[in-house]
Amino acid sequence: MDLDFTAEEEAFRAEARAWLATRVPAAPLPSLETAEGFSAHRAWERTLSADRWSVVSWPEEYGGRGASILEWLIFEEEYYAAGAPGRVSQNGINLLAPTLFEHGTDEQLARILPPMASGDVIWAQAWSEPEAGSDLASLRSTAVRTDGGWLLSGQKTWSSRAAFADRAFGLFRGDQGDTKAAEPHHGLTYLMFPLDAHGVTVRPIGRLDGKPAFAELFLDDVFVPDQDVIGEPGQGWRVAMSTTGNERGLTLRSPGRFTAAADRLVALWRSGADPGDTALRDRVADAVIGARAYQLFTYAGASRIAAGGAVGAETSLNKVFWSELDIALHETALDLLGPYGELSDTAGEAPARGSWAEGYTFSLAGPIYAGTNEIQRDIIAERLLGLPKGRR
Amino acid sequence: MRFLLDDEQQAFARSLDGMLEAAGTPAVVRAWAAGDTAPGRALWSRLAEAGVFALAVPEQHDGLGPLPVELGVAFTEMGRHAVPGPLVETVAVAAFLDRLGDDAVAAVWLPAIASGKTAASLCLLSDDSPYALDAHAADAVFVVEGDAVRLAAASGPVQPSADPARRPARPLGGTVLARRPEVAAAAGHAADVAALVTAAQALGLGRTLLARTVEHARRRTQFGVVIGSFQTVKHRLADALIALEFAQPLVRAAAVALAAHDPAAGREIAAAKVTACEAACAAARTALQIHGALGYTAEFDLSLWIRKARALRSAWGTPAACRARVLAP
């Protein structure tokens, strides 16, 4: 057992670090949850992809570098340590792409992946519905068979990135009206659709911080051709589960962002915290330890995958851990900022010592999305500890 | 990078686990707490035969080590079975003597530790703890003060611990064994090793507390259903698992860092110590709560694990000291 990287991995790290050092924008980009910020982030995706840094783990033919999972982790560490912008393409890259690699046709891979890698097509996820949040099995939106494709109807909501994105992916029920069938997981189809298609209405929703980070989508007989179905019609649940595993596990929250945030937190603490405030000191230490624990847990998981293991229910451990760590990190930072902790990042007198306010608000959503932490704890208890199913 | 135990390390863990399971440690723990050290020393010999203490002793003194990763594996299994005695302290003495730079002293004690003949205890007076664990049951009690190390001649009255199987006492008197500038550095190294294996031991304790509680929750019925089907029970157990799962890689990485003489090893060990001990204590609280009054019953073996978890939290680095060290420049 060791924690040393190979010479090739170290060379990969050095190459990524050198590239990032010259390319990362000197000033932070405007929030990607605004129209202006979205287009600035799209431009950054193009910069990344021009040198094949946008999707390092993908095969070269789709714009990647064929990087191993450890190299991907290394890239993420360097990316966040360099203070590079958040990824506006993450829904596509982290959620849709893994599903396509597992269930997509060659035609779909060739058509969809390159423009995703380049930022030319930015994807929104359209999972949730007004009556179906973490309980995806109770989805009601429908896909009705028509000549050469499907007609989508219904309402999706809290769709991340949908206010400004180009296309979306989600699950639709084939068995119209029968939302409480005995097997609610059956009869779902995984489909992709353009957000500017005829019959789609996008209404941005203000998030807790007021930014239109997500949207509700009203679908009225939106035509989708057969080639935009992923996997078999009616098998959407199984297809989607491969995606949610990725979402909760490695790809949504690589450790790099937490180790980088922990480093920034320590710098903030050293720059002027009251040395006698041991309660605050202990919280800083716990955040640092938590980030390290998450990094090491991920290394161990990556080592298992590299040795031929599969990603399983342990992704639920990850999801609960990183979402709670993220809040603790940001709350500690805001407390360190004292009276400045309440200021938005856009405030004229906002502290220049790292933008914590926006990250804090975003961290609050962590225990809610990608399957609430309550759902994750049920999964942990039932699948990892073998406890019986019960009333929720 | 391969951050996983290899086949040999896993086989070692399994064989120790099997041996300790068969040994029926709860009776050994209860005897030890009552002052009867014979069953504990018999088990000590079997652990020595399995190579546990040799892992802490360098090859030139009849050992196999020092092998921090394997020591971590061994202490996790010993924690899993709540093995009593100055296990941590004996390994720490080996680490101390290995770094002392006095071959004559090392040649006397290290082979005896490796073979299991000698159970030792250690008191680092500079480290703010006035006690030596299980001094009454140890063959030798080493006391470090400044640049001198002495062998204690006697010990004061046993101070009852949160864990009745831990019997701390003040070491008294004795003669100076060595006085040299390397003593402080060797003591620091010994404290690191002690903190590391204490963390591993806590991890094992926590694993058993969780496993037994999960078993209980699957069997115990109330209101006509097994209590493990209640969401609040499930979520407490899930949280206990999360805490242990994320503590484990910290313990392993700390051992790897120590083995590699990484300058950050002390910080890694402190992170592992506080996290593993907190996870074990949280598992103990959860175990107690879900077992209800059974968990509060001393005759029930679970109490042996619950009480040891609390005691290890303060041993070889308090949570506050560990957190301060994580942030030390």
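The values are calculated or read from the model by the stated rules, or taken from the named source; none is laboratory data. This is a predicted model, so every value here is computed, not measured. Neighbour counts are summed over all protein chains in view; Cβ atoms, including those assigned to glycine, are modelled from backbone coordinates with ideal geometry.
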(message) Just checking, does the range A:172-187 include any residue being modelled with pLDDT of 90 or more and of a type in the set (A, V, I, L, M)?
(response) no
(request) Please verify whether the range A:272-290 includes one or more residues that are touching a Phe, Trp or Tyr at 6+ places or on another chain (Cβ under 6 Å), under 25 Å from residue B:273 (Cβ atoms) and within 11 Å of chain B (Cβ to nearest Cβ). (result) yes
(request) Quick one: count up the residues across the range B:282-293 that are surrounded by fewer than 18 Cβ atoms within 10 Å (Cβ to Cβ) and in contact (Cβ under 8 Å) with a residue 24 or more places away in the chain. (result) 1
(message) For a quick check of your reading: which helices (runs of 4 or more DSSP H) sit entirely within the range B:249-329 and have at least 3 residues that are basic (Lys, Arg) and either at pLDDT 95 or above or closer than 25 Å to residue A:2 by Cα (or both)?
(response) B:265-291, B:302-314
(message) Being more than 10 Å from chain B (Cβ to nearest Cβ) and surrounded by fewer than 17 Cβ atoms within 10 Å (Cβ to Cβ) narrows it down to one residue among A:342, A:331, A:358; which is it?
(response) A:342
(message) Is it the case, given these coordinates, that residue B:310 is in contact (Cβ under 8 Å) with a residue 24 or more places away in the chain, within 14 Å of chain A (Cβ to nearest Cβ) and either surrounded by 21 or more Cβ atoms within 10 Å (Cβ to Cβ) or touching a helix residue (DSSP H, G or I) at 6+ places or on another chain (Cβ under 7 Å) (or both)?
(response) no
(message) Exactly one of these conditions fails for residue B:145: (1) in contact with a Leu (Cβ under 6 Å, 6 or more places away or on another chain); (2) in contact (Cβ under 8 Å) with a residue 24 or more places away in the chain. Give me its number.
(response) (2)
(message) Restricting to the range A:66-83, and then to whatever is assigned to a loop (DSSP other than H, G, I, E, B) and modelled with pLDDT under 95, can you tell me which residue is farthest from residue A:255 (Cα to Cα)?
(response) A:66
(request) Determine if the range B:218-234 includes at least one residue that is modelled with pLDDT of 95 or more, closer than 24 Å to residue B:82 by Cβ and at the interface with chain A (Cβ under 7 Å from one of its Cβ atoms). (result) yes
(request) Only residues that are under 16 Å from the mean Cα position of the chain (by Cα) and under 10 Å from residue B:240 (Cβ atoms): list them for the range B:208-222, please. (result) B:209
(request) Would you please name the residue that is surrounded by the most Cβ atoms within 10 Å (Cβ to Cβ), looking only at residues in the range A:118-169 that are among the hydroxyl-bearing types (Ser, Thr, Tyr) and assigned to a strand (DSSP E or B)? (result) A:159
(message) Consider the range A:9-64. How many of its residues are in a helix (DSSP H, G or I) and either among the small types (Gly, Ala, Ser) or within 14 Å of chain B (Cβ to nearest Cβ) (or both)?
(response) 16
(message) Condition check: in a helix (DSSP H, G or I) and touching a helix residue (DSSP H, G or I) at 6+ places or on another chain (Cβ under 9 Å). Does residue A:303 satisfy that?
(response) yes
(message) Would you confirm whether or not the range A:312-319 contains a residue that is surrounded by fewer than 17 Cβ atoms within 10 Å (Cβ to Cβ) and away from chain B (no Cβ under 14 Å)?
(response) no
(request) Look at residue B:238 and say whether it is within 30 Å of residue B:1 (Cα to Cα) and either more than 7 Å from chain A (Cβ to nearest Cβ) or aliphatic (A, V, I, L, M) (or both). (result) yes
(message) Suppose we keep only residues that are under 25 Å from residue B:185 (Cα atoms) and in contact with a Gly (Cβ under 7 Å, 6 or more places away or on another chain) within the range B:257-304. Which one would you say is nearest to the other protein chains (Cβ to nearest Cβ)?
(response) B:270
(message) Criterion first (among the β-branched types (Val, Ile, Thr) and touching a helix residue (DSSP H, G or I) at 6+ places or on another chain (Cβ under 6 Å)) does residue B:175 satisfy it?
(response) no
(message) I'm checking my understanding of the structure. Among residues of the range A:370-384 that are buried (at least 20 other Cβ atoms within 10 Å of the Cβ) and assigned to a loop (DSSP other than H, G, I, E, B), which one is modelled with the highest pLDDT?
(response) A:371
(message) Looking at the range A:193-206 only, could you name the residues that are surrounded by fewer than 22 Cβ atoms within 10 Å (Cβ to Cβ) and not polar (S, T, N, Q)?
(response) A:194, A:196, A:197, A:198, A:199, A:200, A:202, A:203, A:204, A:205, A:206
(message) Can you tell me which residue is surrounded by the most Cβ atoms within 10 Å (Cβ to Cβ) among those in the range B:1-51 that are more than 14 Å from every other protein chain (Cβ to nearest Cβ), part of a helix (DSSP H, G or I) and polar (S, T, N, Q)?
(response) B:25
(request) Identify all residues within the range A:306-356 that are more than 26 Å from the chain's Cα centre (by Cα) and touching a residue at least 24 places away in the same chain (Cβ under 8 Å); write none if there are none. (result) A:335, A:336, A:337
(request) Quick one: which residue in A:122, A:93 is out of contact with any strand residue (DSSP E or B) (no Cβ under 6 Å at 6 or more places or on another chain), β-branched (Val, Ile, Thr) and over 27 Å from residue A:221 (Cβ atoms)? (result) A:93
(request) With respect to residue B:110, determine if the residue is buried (at least 16 other Cβ atoms within 10 Å of the Cβ), part of a helix (DSSP H, G or I) and over 14 Å from the mean Cα position of the chain (by Cα). (result) yes
(request) Hey, could you check the range A:257-271 for residues that are more than 10 Å from chain B (Cβ to nearest Cβ) and in contact with a Leu (Cβ under 7 Å, 6 or more places away or on another chain) and say which is nearest to residue A:338 (Cα to Cα)? (result) A:268
(message) I need a count of the residues in the range A:94-117 that are hydroxyl-bearing (Ser, Thr, Tyr) and part of a helix (DSSP H, G or I).
(response) 1
(message) Would you confirm whether or not the range B:78-86 contains a residue that is among the basic types (Lys, Arg) and under 19 Å from the mean Cα position of the chain (by Cα)?
(response) yes
